[in-house]
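Worksheet for the structure shown next.
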Amino acid sequence: SAWSYSPGVRVPGVLLLALLAGCGGSSSPSSAPTPSVSSVEGSTAVPDITLPADPLRDLVPRTADLPPGLVAILAGSGPRDAHAIAGYSADPKSAGTLLTQHGFRSAYVAQYADLATGRVLSVVVSRFSTASGATADLDADLKASTGEQITTGVIGEKSDVRRQPLPGGKGQLVTVRFRKGATTWLVAYGANPTADPKVAIDLATTLAGRG
């Protein structure tokens with residue numbers, strides 16, 4: 001899957017984040033499930049928040065993996081099917097077709113936020129029927145990627161790290177896209193005024209070790 005930002009989507013603080021459903025191009029959405037101030041305030045900031053159960057849940061960050069201050073947003077996290085993922089797109093029909101062509105099986109979205117600083121983190125892990133299908137999905141995402149490319153070691157079997165400004169100069173968004181076998185990940189980290197790529201890279205490396 002891939003992530004970008006959209007001026008129509010708001011999250012805590014001044015950061016904007018939107019989900020790109022995972023096939024690049026025509027599947028790029030105009031809106032997305034994003035953390036909201038009310039959903040953060042409604043979450044219980046306990047030492048370990050349990051996300052909704054699913055076979056892919058272990059492939060998203062656990063509380064112990066998170067930088068201090070970030071907590072899980074239960075209302076925005078959980079398993080997602082192809083219909084839900086395609087529904088985040090500006091062209092759901094085309095996005096659904098591409099997901100089917102790539103052999104999409106299931107996905108899991110996990111979202112986290114820090115009300116004190118406005119930092120946000122969104123992770124989507126997608127499982128495909130074959131490694132070749134996952135490769136095709138990731139390659140389409142990378143072809144459509146924008147922003148400054150950050151040089152780092154390979155995460156999983158193929159990866160790409162980007163950093164770009166959020167609209168109005170209100171912070172930065174770092175995205176890490178990578179694949180391992182028939183699974184792809186997108187780790188999107190937003191912060192104001194700057195987003196440290198190391199935060200997203202370290203999380204992605206941890207998740208790759210579990211895939």
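The values are calculated or read from the model by the stated rules, or taken from the named source; none is laboratory data. The structure presented is a predicted model; accordingly, all values stated were derived computationally and were not measured. Glycine gets a Cβ as well: all are built from the backbone with ideal geometry, and neighbour counts include every protein chain shown. Accessible surface areas use protein heavy atoms only, side chains included; no ligands, DNA or RNA. Shrake-Rupley method; radii C 1.70, N 1.55, O 1.52, S 1.80 Å.
Those residues that are part of a loop (DSSP other than H, G, I, E, B), under 30 Å from D196 (Cβ atoms) and open to solvent by 50 Å² or more (accessible area, probe 1.4 Å), I need them from segment 55-65; list them, please. Of everything in segment 55-65, just one residue is part of a loop (DSSP other than H, G, I, E, B), under 30 Å from D196 (Cβ atoms) and open to solvent by 50 Å² or more (accessible area, probe 1.4 Å), namely R62.
What do you reckon, is R127 over 23 Å from A64 (Cβ atoms), touching a Ser or Thr at 6+ places or on another chain (Cβ under 6 Å) and touching a residue at least 40 places away in the same chain (Cβ under 8 Å)? Yes.
Of the strands (runs of 3 or more DSSP E) contained entirely in segment 71-165, those carrying at least 1 residues that are touching a His at 6+ places or on another chain (Cβ under 7 Å) fall at 120-128. State which residue is nearest to A140 (Cα to Cα) when the search covers only segment 66-105 and only residues that are of a type in the set (D, E, K, R) and crowded, with 16+ Cβ neighbours inside 10 Å. So, considering only residues that are of a type in the set (D, E, K, R) and crowded, with 16+ Cβ neighbours inside 10 Å, the one nearest to A140 (Cα to Cα) is D91. One residue stands out in segment 131-146 among those that are open to solvent by 40 Å² or more (accessible area, probe 1.4 Å) and farther than 17 Å from T97 by Cα: the one that is modelled with the highest pLDDT, namely A131. In the set (1) more than 24 Å from A107 (Cα to Cα); (2) free of Cβ contacts under 8 Å to residues at least 60 places away in the same chain, the condition left unmet by T205 is number (1).
Would you please name the residue that is most open to solvent (accessible area, probe 1.4 Å), looking only at residues in segment 189-200 that are in a helix (DSSP H, G or I) and hydrophobic (A, V, I, L, M, F, W, C)? Ranking the candidates gives V199 first.
Report, by residue number, each residue of segment 137-177 that is in contact with a Ser or Thr (Cβ under 9 Å, 6 or more places away or on another chain) and aliphatic (A, V, I, L, M). Within segment 137-177, L138, A140, A144, I155, V161, L173, V176 qualify. Here is the figure for segment 67-86: residues that are touching a residue at least 60 places away in the same chain (Cβ under 8 Å) and over 20 Å from T130 (Cα atoms) total 1. Count of segment 151-165 residues, restricted to those that are aliphatic (A, V, I, L, M) and open to solvent by 30 Å² or more (accessible area, probe 1.4 Å), is 1. Selection of segment 166-188 for residues being at pLDDT 90 or above, outside any strand (DSSP E or B) and open to solvent by 10 Å² or more (accessible area, probe 1.4 Å) yields G181, A182.
Within the set D196, D160, D202, the sole residue that is of a type in the set (D, E, K, R) and closer than 29 Å to T100 by Cα turns out to be D160.
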